[in-house]
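Heads up: the structure comes next, in structure tokens.
Each value in this text was obtained by applying a stated rule to the coordinates, not by laboratory testing. All values reported here derive from a predicted model rather than from experimental measurement. Neighbour counts are summed over all protein chains in view; Cβ atoms, including those assigned to glycine, are modelled from backbone coordinates with ideal geometry.
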């Protein structure tokens with residue numbers, strides 16, 4: 001397989017050929033100079049403290065990390081912009097294990113925020129064709145609710161994709177979105193054995209905006225290469241799959257109440273290099289009512305398992321789902337049935353703050369197959385925004401039920417304090 005550098009070199013050349021009629025015309029320097037003069041800086045800094053207490057590990061993990069991102073995005077030249085963004089993550093203090101794939105410091109829980117320095121994004125964006133945006137290079141991709149494809153913005157090192165993406169809007173209501181990717185840059189960083197997934201992936205998503213909501217249909221084909229140096233359970237070949245599904249999401253006013261609703265169904269099969277054989281279903285339903293500053297959400301998410309493997313979403317923003325303690329990043333072999341209720345509060349203009357929000361979530365877990373008790377979880381969050389600063393307090397309390405929950409799932413408490421600045 002050719003490297004990304006080889007492929008992207010050809011792709012960048014093609015993009016520039018499409019974007020520019022030729023660099024020898026008079027005024028080309030002026031066009032480039034104009035684009036550079038319209039460049040916008042990219043800067044954000046995020047300071048985080050995370051504490052993890054996980055039974056039966058002897059030690060409690062604590063991690064104080066700082067993430068810095070710095071870059072720029074040019075203005076347009078020949079309908080093309082260029083974006084470059086670097087990222088540095090530094091460990092300021094703490095004792096923790098930053099990668100489950102490496103057999104070291106096994107007495108500590110994992111906090112997957114390793115020290116790293118890397119190119120986070122490096123992309124060309126071209127809009128030469130009517131209603132079409134083409135993005136080429138290392139980029140951030142979020143599709144629908146990020147259940148299948150997302151950037152994992154919660155972790156210090158987000159997930160990006162080396163890819164070509166084309167988004168076309170034939171009408172104001174219809175969006176066609178297609179991506180080819182050959183490398184996934186995961187949250188564990190380039191020094192980790194599981195920091196990169198190589199292979200071939202195609203992401204296709206079509207969405208139409210009706211009056212009652214947005215209806216999406218999607219197909220995702222993932223064929224990952226074997227990864228040396230990781231346990232067999234973490235080999236990305238085992239999550240090579242083809243997934244087809246549909247999703248409806250919308251909202252309607254109901255007197256003084258605003259109702260939001262979402263439902264998703266998908267079917268997944270083994271694909272490409274995967275040595276396993278499976279056909280599994282996924283479905284989720286969610287209903288949210290909002291009255292003034294208050295909201296109430298009821299939901300259920302089910303991922304099937306066949307006793308050997310569970311429905312997988314390896315490119316998802318997994319922290320958004322199945323609880324903030326991250327106990328079910330890998331779907332159990334017997335699947336999972338997650339029922340949850342969430343209460344939220346959002347106020348604007350409180351004291352000096354722009355916004356102040358609070359969230360409480362309760363989740364009850366059991367296996368989809370055999371109905372095994374998988375414990376429950378309470379999540380709490382308080383967030384305040386002041387101009388470009390965002391402060392966060394967050395807690396996840398997962399409790400296994402003694403004598404009922406499988407031994408693989410043990411009591412876990414996580415606590416975060418975070419301050420972020422975004423330019």
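Worth a mention:
- Fewest-first ordering of 240, 342, 255, 37 by other beta carbons within 10 Å of each residue's beta carbon gives 255, 37, 342, 240.
- The ranking of 297, 308, 90 by Cβ neighbour count inside 10 Å, starting from the fewest, reads 308, 90, 297.
- Peptides 246-253, 348-355 ordered by average Cβ neighbours within 10 Å, highest first: 246-253, 348-355
- Look at 271, 386 and count the other Cβ atoms within 10 Å of each Cβ; fewest to most, that gives 386, 271.
- Distance between the stretch 60-111 and the stretch 340-363 - C-alpha centres, whole angstrom: 27
- P(r) tail fraction, the chain - alpha-carbon pairs more than 38 Å apart, %: 24
- Whether the stretch 83-202 is rounded, prolate or oblate, judged on the alpha carbon gyration tensor where a/c under 1.5 counts as rounded: prolate
- Kirkwood estimate for the stretch 347-408, i.e. one over the average of 1/r between Cα atoms, Å: 14.0
- Semi-axis lengths (Å, descending) of the ellipsoid that matches the C-alpha gyration tensor of the stretch 264-423: 33, 17, 16
- Helix 28-37 and the long axis of the chain differ in direction by around 30°, with both axes built from C-alpha atoms.
- Taking every alpha-carbon pair under 8 Å whose residues sit at least 6 apart, the chain reaches a relative contact order of 11 percent.
- When all alpha carbon pairs of the stretch 237-291 are counted in 5 Å bins from zero, the resulting P(r) reads 5, 18, 18, 13, 12, 9, 9, 7, 6, 3, 1 %.
- Evaluated over the stretch 65-135, the Cα radius of gyration and Dmax, each in Å: 18.6, 57
- Between 0 and 90°, nearest 10: helix 4-19 axis offset from the chain longest Cα axis: 50
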